[in-house]
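> Structure incoming, see below.
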Amino acid sequence: MADRAREKMKIFYSFTLALLFAATVTSCAHVSLHERAPLSSWGSQGAGPGQFNEPFAIAVDASGKVYVADARNQRIQKFSGDGQFIRQWGEQGDAPGQFERPSGLAVDGEGNIFVADYELDRIQKFTPDGEYLMQWGSPGKNAGQFNSPTGIVIDSRQNIFVTDTYNHRVQKFDLQGNFIREWGKYNPVSVIRSFFSFLMSPGGEGDLNYPTRIAVGLNDTLYVSDAYNNRVVVYSTAGEFLYQFGGIGFLGGSFRVSSGIASDKKGNLYVADFYNHRIQVFTADGYFFDEWGGKGEGPGQFDGPTDVAVNDDGHIYVVDWGNHRIQTFQAKRE
């Protein structure tokens, strides 16, 4: 375990250097972002009910209840749609129902909650009230094993897709955790190449470089945040590469680490742009058309947004990681 942790830290620091270079390349430009006042905001740093310590993931169920992976508090918190605390479950540990770093959330058709654990390399399933049901996964590279799973989503046929981040792949399972297929291989795109190939194909089709999040759009199209390639890669549910969009930068449609991603009922995509501290909006085909945010602590500003969820009313929930809070926005009316 110690050797594995050191290996992860080594990789983390190497990519931190790359990201610092990317920040240097783009920091000379001042980005004036559209400011949007949130409908609501809740949370502060702490361990009490409704407080957070580096919240990392979010999901909304069919009834509008909101679930937040409170990563450094090793728990899941459940809220009403307007941020009223309902309950919590979990504590630090590796026993069933415990967590080390909950990193991804998804809800199935019956309202059950699936939680990916970045440190324990497993998926756990709970009832909407937090009762433990089952788990699968272990550290490794084989089918059904993980190396830091980060994102998880469920399609209309109740298939589960997991971004297996340090294995640079996506894995597909049924609701019982039975492995179906996998795709993706490691292919980092240089920062310079990505910068100059903005909105062009910056890598092999379907190759990945630390994929973090995954979302289901119209017709069960899968959108994967290919974080360190600074883009979004689009697949069919069978893993067939369809297209990609993005590239490193500060202009609308480019990213400095693509993170959380969600789709609304119209197919519009909301993507968290971590180091640009903003949310960007795209059509289902990947065409940029809106953004808001900026670095800060004020309403509508962010400090490293890590995940996004959208409910049926068009409310957009953003995990504001560095500010230890959740902010809610209204999608634009067309």
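The values are calculated or read from the model by the stated rules, or taken from the named source; none is laboratory data. Keep in mind that this is a model prediction, so the values were computed, not measured. All Cβ positions, even for glycine, are placed from backbone atoms using ideal geometry, and neighbour counts span all protein chains on display. Quick note on the areas: whole protein, heavy atoms, side chains included, nothing else; ligands and nucleic acids left out. Shrake-Rupley method; radii C 1.70, N 1.55, O 1.52, S 1.80 Å.
> Under 5 Å between amide H atoms, partner at least 5 residues away or on a different chain: which partners does R325 have, H built in plane at 1.01 Å?
Here D320 satisfy the definition.
> What shape does segment 48-96 have by the C-alpha gyration tensor, where a ≥ b ≥ c are the square roots of the eigenvalues, rounded means a/c under 1.5, and otherwise prolate means a/b greater than b/c and oblate the rest?
Numbers: a/c = 1.97, a/b = 1.65, b/c = 1.20.
Prolate.
> On to the next question. Starting from one equal scatterer on each C-alpha and no solvent at all, send me the Debye-based log10 I(q)/I(0) for segment 79-137 at q = 0.14, 0.15, 0.25, 0.26 Å⁻¹, two decimals.
Relative scattering, expressed as log10 I(q)/I(0), comes to -0.37, -0.43, -1.08, -1.15.
> Report, in listed order, any pair from K141/K185; K78/K266; K65/K295; K78/K295 with a Cα-Cα distance greater than 23 Å.
On the way: K141/K185 12 Å; K78/K266 26 Å; K65/K295 28 Å; K78/K295 27 Å.
Long pairs (Cα-Cα over 23 Å): K78/K266; K65/K295; K78/K295.
> How charged is the neighbourhood of I76? Take every other residue with its Cβ under 10 Å from the Cβ of I76, and add Lys/Arg as +1 and Asp/Glu as -1. Write down the numbers at each step before the final one.
Working: positive: R75, K78, R87; negative: D70.
Here the charged neighbours net out to +2.
> Accessible area of K266, 1.4 Å probe, to the nearest 10 Å²?
About 120 Å², ignoring ligands and nucleic acids.
> Right, here's the next one. Determine Rg/Rh for segment 49-166; Rg is computed over alpha-carbon atoms and Rh is the Kirkwood hydrodynamic estimate from the same atoms. Can you show the working numbers first?
On the way: Rg = 13.1 Å, Rh = 14.0 Å.
Using Cα coordinates only, the ratio equals 0.94.
> Something else about it: Kindly write out, for segment 164-180 in residue order, the coupling ³J(HN,Hα) from the Karplus curve 6.51 cos²θ - 1.76 cosθ + 1.60 (θ = phi - 60°), rounded to whole Hz, with x marking Gly and Pro.
Rounded to whole hertz, the list is 8, 4, 7, 8, 6, 8, 10, 10, 10, 9, 8, 5, 8, x, 7, 5, 10.
> Something else now. In whole Hz, with x marking every Gly and Pro, tabulate ³J(HN,Hα) for segment 312-323 from phi via Karplus 6.51 cos²θ - 1.76 cosθ + 1.60, θ = phi - 60°.
Here the 3J(HN,Hα) series is 5, 8, x, 7, 9, 9, 10, 7, 9, 3, x, 9 Hz.
> Take the alpha-carbon centre of segment 123-188, take the same for segment 214-244, and report the distance between them in whole Å.
So the separation of the two Cα centres works out to 16 Å.
> If you don't mind, another one. Where the Cα atoms of segment 261-331 are projected onto their three principal axes, how long is each span, largest first, in whole Å?
The Cα atoms of segment 261-331 stretch 30, 22, 15 Å along the principal axes, largest first.
> Quick one: what are the phi-derived ³J(HN,Hα) couplings along segment 42-47, Karplus 6.51/-1.76/1.60 with θ = phi - 60°, whole Hz, x for glycine and proline?
Whole-Hz 3J(HN,Hα) from phi for segment 42-47: 8, x, 7, 6, x, 10.
> A further question follows. For segment 214-334, would you read off the P(r) tail past 22 Å as a percentage of all alpha carbon pairs? Could the numbers behind the result be given before it?
Values: 1895 of 7260 pairs.
When all Cα pairs of segment 214-334 are counted, 26 percent exceed 22 Å.
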